[in-house]
Amino acid sequence: MNETDVVIIGAGHNGLTCAAYLAMAGLRVRVVERRKVVGGAAVTEEFVPGFRNSVAAYTVSLLNPQIVSDLKLAEHGLKIVERRAQNFLPAPDGSYLLTGEGRTADSVARLSQRDAETIGAFSAELEAIADVLRQFVLRAPPNVVEGFGLGAVSEAFNALGTANILRRLSLEQQRNLLDLFTRSAGEMLDERFESDLVKALFGFDAIVGNYASPYAAGSAYVMLHHAFGEVNGKKGVWGHAIGGMGAITQAMAQAARSHGAEIATDAGVREVIVEKDRACGVVLDNGEIIRAKYVASNVNPKLLYTRLVPDGALAADFRARIARWRNGSGTFRMNVALSALPSFTALPGDGDHLTAGIIIAPSLGYMDRAWRDACEFGWSRAPVVEMLIPSTLDDSLSPPDRHVASLFCQHVAPQLPDGKSWDDHRDEVADLMIATVDRYAPGFAGSVIGRQILSPLDLERQFGLVGGDIFHGALTLNQLFSARPMLGHADYRGPLRGLYHCGSGAHPGGGVTGAPGHNAARTILADHRALFG
């Protein structure tokens with residue numbers, strides 16, 4: 001019999017994390033991956049001869065340090081270096097903001113003395129709340145259950161533990177937390193700061209991967225979500241994995257395999273096998289059947305339940321609700337090979353600012369117009385672009401005196417209006433993105449000697465990111481915490497016995513964190529021990 005204890009659908013970083021923990025606990029684990037390489041959206045590829053870069057996911061901060069330690073990723077070759085500066089925001093008038101250790105206060109003061117006096121307190125406020133919420137990352141949120149039984153009692157204790165953690169926040173911090181969950185980032189930032197660039201620094205985190213205006217209700221939470229990160233023990237810092245994001249998932253795959261997990265590529269799943277209301281294996285695209293005690297899904301919940309689980313296996317109300325699971329990041333992703341480093345009008349020449357996240361979005365109003373444009377026309381006429389040049393930190397990615405850059409571009413419509421296809425407009429929009437950077441760094445367009453383009457449609461086709469959604473589902477209030485992916489299923493257990501969620505569509509959501517994979521593994525192990533001792 002072709003059977004195992006656990007079969008995991010998808011060898012993205014969360015699937016690999018889940019596999020590693022389960023294999024470490026002694027279970028037989030098989031991971032099946034549709035693509036020819038492991039890693040999901042966290043992969044490194046040569047996109048122009050001699051030039052390599054992270055294809056989709058492109059920067060490190062949210063990867064959970066406990067997972068890095070438990071899986072011994074450093075021993076499996078992972079090395080993460082910090083950016084020498086954190087963020088660089090140039091403005092059309094020649095001013096700029098440069099942040100990082102020893103830089104932020106002076107840079108903000110050149111723009112606004114009032115903001116210089118305010119930014120420290122605001123950053124500390126975010127950090128204090130993020131510190132408490134970090135304790136929720138590696139634990140299941142309280143789950144809503146019907147009736148009264150052992151499950152209800154267990155969830156009552158979980159809710160009590162949640163309340164005890166939140167009580168560590170002062171009353172004023174709890175009020176701020178409520179604001180961050182419900183209000184727009186734009187409103188909160190307008191209340192606190194006067195400089196457009198300072199507002200844009202925080203506002204960008206509110207729209208990154210979020211197809212919305214910074215003035216949309218709930219965008220403040222997305223800003224907070226990006227404050228959870230740390231690199232090499234330093235909180236709020238962003239970094240680069242030497243060798244690109246694929247180095248993370250290759251290390252995870254090695255960790256899983258070292259404990260006996262089997263990982264098969266070019267092995268897409270056609271269907272989840274359901275017998276007597278229980279998931280008990282998968283059928284691969286080639287017809288191979290793998291039977292398992294447990295099935296864990298690392299794919300988007302909407303993709304899982306509308307394409308892989310057989311019709312009739314789900315309650316009608318569940319299927320109707322999951323069909324409304326909202327996706328769409330507004331993301332257009334590019335990698336470019338460069339003959340030379342860019343030189344910005346606001347800060348010419350080489351320097352630490354070129355190791356930073358370079359944000360082309362000088363105001364909240366600019367971001368708001370970019371979103372409105374995309375809703376009306378399909379893409380922003382003046383788009384938001386974050387550019388990273390990882391070859392300034394990692395010379396393994398490009399030939400000598402050459403460089404690679406990642407362009408994370410917003411806003412674009414996940415589906416174009418009037419029936420237009422992204423296949424017909426990919427190059428046109430790519431030209432616009434490069435021209436946008438060129439306006440701030442004249443000569444940039446001429447330095448581009450090759451490029452890789454991923455529209456929302458490409459992201460869906462290549463990586464299963466429905467609507468190009470990098471988070472496997474929008475981080476809105478009705479799709480967070482106990483409601484991710486749905487009330488009643490926040491404990492990583494699906495509506496069918498034996499079926500589990502281990503991807504970013506489960507708590508705590510998107511980003512290269514490993515947390516959903518870790519948490520799902522704990523749930524599977526708890527159920528396994530309850531059944532088999």
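Some points to look at:
- Residue within region 241-264 that is open to solvent by 40 Å² or more (accessible area, probe 1.4 Å), in a loop (DSSP other than H, G, I, E, B) and basic (Lys, Arg) present: no
- Of the strands (runs of 3 or more DSSP E) lying entirely inside region 1-53, those containing at least 2 residues that are within 19 Å of Cys502 (Cα to Cα) are 3-9, 29-32.
- Residue match in region 63-74 (condition: farther than 14 Å from Gly246 by Cα, open to solvent by 30 Å² or more (accessible area, probe 1.4 Å), among the β-branched types (Val, Ile, Thr) and in a strand (DSSP E or B)): no
- In the set (1) more than 27 Å from Asp395 (Cα to Cα); (2) out of contact with any Lys or Arg (no Cβ under 7 Å at 6 or more places or on another chain); (3) among the hydroxyl-bearing types (Ser, Thr, Tyr); (4) open to solvent by 20 Å² or more (accessible area, probe 1.4 Å), Thr118 fails one condition alone, (2).
- When each of Gly209, Gly203 is tested for being over 15 Å from Thr99 (Cβ atoms) and either of a type in the set (D, E, K, R) or in contact (Cβ under 8 Å) with a residue 12 or more places away in the chain (or both), the lone residue that passes is Gly209.
- Complete set of residues in region 180-194 that are open to solvent by 50 Å² or more (accessible area, probe 1.4 Å) and free of Cβ contacts under 8 Å to residues at least 40 places away in the same chain: Arg183, Glu187, Glu191
- Screening Ala74, Ala11, Ala42 for residues that are on the phi < 0 side of the Ramachandran plot, in contact with a His (Cβ under 9 Å, 6 or more places away or on another chain) and of a type in the set (A, V, I, L, M) leaves exactly one candidate, Ala42.
- Where Arg167 falls short, out of the listed (1) modelled with pLDDT of 65 or more; (2) open to solvent by 60 Å² or more (accessible area, probe 1.4 Å); (3) within 25 Å of Ser504 (Cα to Cα): (3)
- Subset of region 325-363 (residues that are under 29 Å from Arg278 (Cβ atoms) and modelled with pLDDT of 95 or more): Trp325
- Note on region 314-362: among residues that are under 23 Å from Pro92 (Cβ atoms) and among the charged types (D, E, K, R), the one that is least open to solvent (accessible area, probe 1.4 Å) is Asp352.
- Filtered by the rule that a residue be touching a helix residue (DSSP H, G or I) at 6+ places or on another chain (Cβ under 7 Å) and closer than 17 Å to Ala356 by Cα, region 105-126 gives Ala105, Val108.
- Filtered residue count, region 63-100, keeping only those that are closer than 30 Å to Ser195 by Cα, touching a residue at least 24 places away in the same chain (Cβ under 8 Å) and not small (Gly, Ala, Ser): 13
The values are calculated or read from the model by the stated rules, or taken from the named source; none is laboratory data. Because the structure is a prediction, the values reported are computed rather than measured. Methodologically, a virtual Cβ is constructed for each residue, glycine included, from the backbone with ideal geometry; neighbour enumeration extends over all protein chains shown. Heads up: the accessible areas ignore ligands, DNA and RNA and are worked out on the full protein's heavy atoms, side chains in. Shrake-Rupley method; radii C 1.70, N 1.55, O 1.52, S 1.80 Å.
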